[in-house]
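Trainee: There's a structure below that I have some questions on.
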Amino acid sequence: MSGHIVSVRNLSVKLGDQVVLENVSFRVDEPSLILVVGPNGAGKTTLLKVMLGLIKPLKGEAEVFGLNPFREGEKVRRLIGYVPQKDKITYETPLTVGEVVLMGTLLRKRFPRSISRSDVEKARKSLAYMGMEDKWKLLFSELSGGQQRRVLIARALSSDPSLLLLDEVFAGLDLESQEKLLEVLRMLKENWRTIIIVEHELDPVIDLADKILVLNRSMCVYGEPREVLSEDKLKPIYPCLKTIEKEGRQLIILGDKHA
Ligand SMILES: Nc1ncnc2c1ncn2[C@@H]1O[C@H](COP(=O)(O)OP(=O)(O)OP(=O)(O)O)[C@@H](O)[C@H]1O
Ligand SMILES: [Mg+2]
């Protein structure tokens, strides 16, 4: 047992006959926001799945709140809010938006599972954070892709998780929804929650990030933004990296191409 929020040590993962992560290590010691970036196929989603206990490491260890996610998956998942890159809900399922958000709370309960008035309040509040309060009674399947994404984020928030794992949630959101989501992430940080967020580019999350993990299978750079954001460290992973100036500040565009 450790006192860390997340501790990953020399982690290697094999999927099929491919080693998709090799010797990855990083630690989260205090509530903070960690931005994970890396090219397609770098193993970012795989890393989140290891923390959720859905994939067994080949070598090394992962601990979440001192628990082994693979052996104590149910306990670990009760503490985590997860928004997958692609959600498996079939979009034809006749569930209302409210029911989808309430699933977040329900799944964390023991049997017999029942919903209290305060659960409904929390679910409505989470939906309001994402600017979707007026959609409570609508069918989830009838929302646009971006709106569905926001509902799924609200679902992850509704159980008030200690750790939030977000896999490319900014993709496909309009600017207003991105601003709302950044505001929610800022608020969660202030409430001492830990957020691990996978994205393809540094912008727009970079301003909120306490640490950055740049990942490409066996290459792993981890540290505070000012340590990590140097061309020397990033070029081996992102050969197409560009630095541009936007609104008076330097912005690094990673460009998604395999090293
Ligand atoms: N179930 C699986 N069986 C075999 N190989 C898999 C499986 N899932 C993922 N992989 C492979 O593992 C590698 C890493 O995949 P992963 O989804 O973790 O990458 P990623 O960094 O999230 O990429 P992206 O940015 O495209 O989402 C890829 O080469 C992928 O093809
Ligand atoms: Mg992925």
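FYI, it's all coordinate maths here, none of it is from the lab. The structure presented is a predicted model; accordingly, all values stated were derived computationally and were not measured. Cβ atoms come from the backbone with ideal geometry, glycine included; neighbour counts cover every protein chain shown.
Trainee: For the residue pair Ser116 and Asp174, what label-to-label distance in nm results when each label sits 7 Å from Cα along the Cα-to-beta-carbon direction?
Mentor: Distance between label points: 3.8 nm.
Trainee: In the range 172-257, how does Rg compare with the Kirkwood Rh, expressed as the Rg/Rh ratio over alpha carbon atoms?
Mentor: Computed over Cα atoms, the ratio is 0.97.
Trainee: Another question, then. Listed here are the pairs Lys56/Lys109; Lys125/Lys189; Lys75/Lys109; Lys44/Lys109; Lys44/Lys246; Lys44/Lys242; which of them are more than 19 Å apart at the Cα?
Mentor: In this structure, Lys56/Lys109; Lys44/Lys109; Lys44/Lys246; Lys44/Lys242 exceed 19 Å between Cα atoms.
Trainee: What's the ranking of 219-225, 21-27, 155-161 by average number of surrounding C-beta atoms within 10 Å, highest first?
Mentor: Result, highest mean first: 155-161, 21-27, 219-225.
Trainee: What order do you get for 226-236, 70-80, 203-213 when each peptide is scored by the mean count of other beta carbon atoms within 10 Å, highest first?
Mentor: Answer by packing, highest mean first, reads 203-213, 70-80, 226-236.
Trainee: May I pose another question? Under the rule of -39500 (n - 2.57) per DSSP H run of 4 or more residues, summed and divided by the residues of the chain, what mean residue ellipticity at 222 nm is obtained, to the nearest 500 deg cm²/dmol?
Mentor: -8000 deg cm²/dmol
Trainee: Give me the angle, in degrees from 0 to 90, between the Cα long axis of helix 175-190 and the longest principal axis of the Cα atoms of the chain, rounded to the nearest 10.
Mentor: Approximately 90 degrees, to the nearest ten.
Trainee: Using a Förster distance of 30 angstrom, determine the FRET efficiency expected from the C-beta separation of Thr96 and Glu190, and round it to 0.05.
Mentor: 0.45
Trainee: Taking the Cβ of Val36 as the centre, find all other residues whose Cβ is under 11 Å away and add up their charges (Lys, Arg: +1; Asp, Glu: -1).
Mentor: -1
Trainee: Please figure out what share of the DSSP beta bridges in the chain is antiparallel and state it in percent, rounded to the nearest 5.
Mentor: 55
Trainee: About the Cα centre of the chain, what is the dipole size in debye to 20, counting +1 per Lys and Arg Cβ and -1 per Asp and Glu Cβ, all else neutral?
Mentor: Charge dipole, the chain, about its Cα centre: 980 debye, nearest 20.
Trainee: Sticking with this one: In a shell of Cβ-Cβ distance under 12 Å around Ala62, excluding Ala62 itself, what net charge do Lys and Arg (+1) and Asp and Glu (-1) give?
Mentor: +3
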